[in-house]
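Remarks on the structure that follows.
Every read-out reported here was derived from the displayed coordinates using simple, explicitly stated rules and does not represent laboratory data. It should be emphasised that the depicted structure is a prediction, and the values quoted were computed from it without experimental measurement. Cβ: placed from backbone, ideal geometry, glycine included. Neighbour counts: every protein chain shown.
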Amino acid sequence: MSNPKSTFLVLDANAILHRAFYALPPLTTKEGKPINAVYGFLLVLFKVIRELKPDFLAVAFDFPAPTFREKLFKEYKAKRPKAPDEFYQQIPEIKKILQRFGIKIFEKEGYEADDIIGTIAKLIREQKKDSQIETIIVTGDTDMLQLVDPITKVYLLKRGIKNITLYDEDLVKENLGLLPNQIPDFKALFGDPSDNIPGVCGIGKKTAYNLIKNFQNLENLYNTLEDRNDKYIKAEIRPKIKEALLRYKKQAFLSRELAQINKNVPIKFELSDCGLENLQEEKTKKVLESYGFKSLIKRLPEIFKKQPQEKKVPLQKRLI
């Protein structure tokens, strides 16, 4: 594949803020407002701009209201502990900073940032059919790996905000043993404890992995299971596993719907609104000065220096 003509960088705000909040010690403004998650988010933002040299940039937020997933399954994410108030207080603050920077923000009631990002990646393709734009997603959420494809990569924060790995299709397959688009099918069977996605009762991680690897997806698996010719099934799937799969078929397909990123969120998206030229050095410096972020101001020359024409992104782990 030839090098893409340009790069679109999209940040998963809530995931990055969450990582930063727990990775950095408490930090407050002169007025006493908590600011450590904001500071950590900006560290990541400046790092990825410096390293990935994007032509376009946007930030996606979760909307603070129930999503379509809660309507499908009221227990979705029900067991996830609520973050402290000090975390939530910083979300409006980073939004204000990004708006002052001139960076485009996206959010939509009823959807998560994952869905916004998946939709943006799809819309970029539709709007720029004549040229190739590589999308790089910056997040701390492994669910995003399902979006990886030949022109979409995921820059994943693995520990805190310093240990980051860029995932392409090969690295996803190497680490998970599955193709990116098979991740929702895997979760349909195994579930996802962190999001309280049920999966199929009685199906463990290894069994779910082997089933998806052998049958590729849920449709193939259930079409084969329900075939009248049972000889093949008896050789491939133990009776106890087959019984569980058939009993919890509806739950399996529901689990996949919960795990699958929605790429059809009704948002207004124009590529021209996300140009990096909207981020200007003097304007950025004034915003940082108002928060007393002196160390970030020192990094501005690295971010705003003239970028080379040819952009190469390493796949290895990088440190801030």
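What the table below lists for this structure:
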{"read-out": "Percentage, to the nearest whole number, of Cα pairs in the chain over 34 Å apart", "value": "28 percent"}
{"read-out": "Largest-first principal axis extents, alpha carbons of the range 130-274, Å", "value": "56, 34, 27"}
{"read-out": "Value at 222 nm in deg cm²/dmol, rounded to 500, when DSSP H runs of n ≥ 4 in the chain each add -39,500 (n - 2.57)", "value": "-13000 deg cm²/dmol"}
{"read-out": "0 to 90° range, to nearest 10: angle between helix 113-127 axis and the chain longest Cα axis", "value": "80 degrees"}
{"read-out": "Where labels lie 7 Å past Cα in the beta-carbon direction, separation of Asn210 and Glu282 in nm", "value": "6.7 nm"}
{"read-out": "For the range 122-189: Kirkwood Rh in Å [reciprocal of mean 1/r, alpha carbons]", "value": "12.8 Å"}
{"read-out": "Eligible aspartates and glutamates near Lys268 by straight Cα distance, threshold 19 Å, same-chain separation 8 or greater", "value": "Asp12, Asp62, Glu107, Glu109, Glu112, Asp114, Asp115, Glu126"}
{"read-out": "Cα radius of gyration and Dmax for the range 1-47 (Å)", "value": "14.7, 52"}
{"read-out": "Relative counts (whole %) of C-alpha pair distances in the range 38-134, using bins that are 10 Å wide", "value": "12, 36, 35, 15, 1"}
{"read-out": "Candidates Thr224, Thr139, Thr67: whichever shows maximal mean-square fluctuation once the chain is modelled as a Gaussian network with Cα springs under 10 Å", "value": "Thr224"}
{"read-out": "Net charge dipole size for the chain [Lys, Arg +1 and Asp, Glu -1 on Cβ; Debye, nearest 20]", "value": "700 debye"}
{"read-out": "On Cα atoms only, tilt of 90-101 relative to the major axis of the chain in degrees", "value": "60 degrees"}
{"read-out": "Zone residues, the range 241-267, relative to Tyr222, backbone N less than 13 Å from point 7 Å out along Cα-to-Cβ", "value": "245-258"}
{"read-out": "Protection-proxy order for peptides 83-95, 43-55, 271-283, each taking the mean of Cβ atoms within 10 Å per residue, highest first", "value": "43-55, 83-95, 271-283"}
{"read-out": "23 Å Cα-Cα reach of Lys71 towards lysines, excluding residues that sit fewer than 8 places from it in its own chain", "value": "Lys79, Lys82, Lys108, Lys187, Lys249, Lys250, Lys263"}
{"read-out": "Largest-first ellipsoid semi-axes for the range 182-259, taking √(5λ) over the Cα gyration tensor eigenvalues, angstrom", "value": "20, 11, 11"}
{"read-out": "Per-residue HN-Hα couplings for the range 75-88 [Karplus 6.51, -1.76, 1.60; θ = phi - 60°; Hz; x = Gly/Pro]", "value": "8, 4, 6, 5, 8, 6, x, 6, 6, x, 4, 4, 6, 5"}
